[in-house]
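Some notes on the structure that comes next.
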Amino acid sequence: MQARPGESLEVLLPEADIQARVRALGEQISQDYEGKPLLLVGILRGSFVFLGDLIRCVDGLMAVDFMAISSYGASTQSSGVVRILKDLDEELQNRHVVVVEDIVDTGLTLNYIYSQLVARGAASVAICTLLDKPTRRRVDVHIDYLGFQIPDEFVVGYGLDFDEYYRNLPNVCRLKIHRPSKEANG
Ligand code: 5GP
């Protein structure tokens, strides 16, 4: 695992643990939605690796759509500002929706998305997130399907980035930043 100058990586969740947990989540979703066609909504960009693995572990009829929400950019602190950069193409009326997110931190992003999808007439909206940092929550979010709870540390890999790098790592890693100009919050 190669890091950029001034940054270092430490494995927090190994690939095998992630794959086993994703399989279990897929099985749980398959059981819960048996006989009900699903719409999985991936939140770009961080969820795309998780979503790609997860859908192959879910049996049954499903459609997939994506939303893109404004993110932290090159900072590791939430601005609290949530903005839709790319909206869904699918209609939600009377559909069973599972939102697939990479990580819940303050909860502001998912809180906003959840209320948007409910307001559009979905039959049900459930939330599936790979990671949860509960200590940083600012608004309440009900998580239906959770991969792992993690401590308050900035993580990258398995789809999660810092400054658009590290999404390709197969593990979830802690990112430590040694440059004085940018500080990770872990
Ligand atoms: P929230 O609105 O819950 O504060 O933020 C959720 C979003 O913040 C995530 O979808 C992700 O884009 C970003 N985020 C929060 N914590 C981390 C982290 O530890 N690593 C990375 N790469 N992104 C994070």
Order of H142, H96 under a 10 Å beta carbon neighbour criterion, fewest first:
H142, H96
Ranked on Cβ counts within 10 Å of their own Cβ, fewest leading, F50, F148 go F148, F50
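With both bridge residues required to lie in the chain, what share of the DSSP beta bridges run antiparallel, to the nearest 5%?
For the chain, the DSSP antiparallel bridge percentage is about 35.
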Placing +1 on each Lys and Arg Cβ and -1 on each Asp and Glu Cβ in the chain, then taking the dipole about the Cα centre, the residue among S70, S47, L117 whose Cα reaches farthest towards the positive end is S70
Computed from every Cα-Cα pair in the chain, P(r) in 5 Å bins starting at 0 and rounded to whole percents is 1, 8, 17, 21, 20, 16, 10, 4, 2, 1, 0
Excluding E91 itself, calculate the net charge of residues whose Cβ lies under 12 Å from the Cβ of E91, where each Lys or Arg counts +1 and each Asp or Glu counts -1.
-2
What order do you get for K86, K133 when you list them from fewest to most C-beta neighbours inside 10 Å?
K86, K133
For the Cα atoms of the chain, what angle does the longest principal axis make with the long axis of helix 108-119, in degrees from 0 to 90, nearest 10?
10 degrees
From phi via Karplus (6.51, -1.76, 1.60), per-residue ³J(HN,Hα) for region 53-58 in Hz, x at Gly/Pro
6, 4, 5, 7, 9, 10
Net charge of neighbours whose Cβ lies under 15 Å from the Cβ of V104, counting Lys and Arg as +1 and Asp and Glu as -1:
-4
Rounded to the nearest 20 Debye, what is the dipole magnitude of the chain about its Cα centre when Lys and Arg each give +1 and Asp and Glu each give -1 at the C-beta?
440 debye
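Computed from the coordinates by the stated procedures, all read-outs in this text should not be read as laboratory data. Being a predicted model, the structure only gives us computed values, none of them experimental. Positions of Cβ are backbone-derived with ideal geometry, glycine not excepted, and every protein chain shown enters the neighbour counts.
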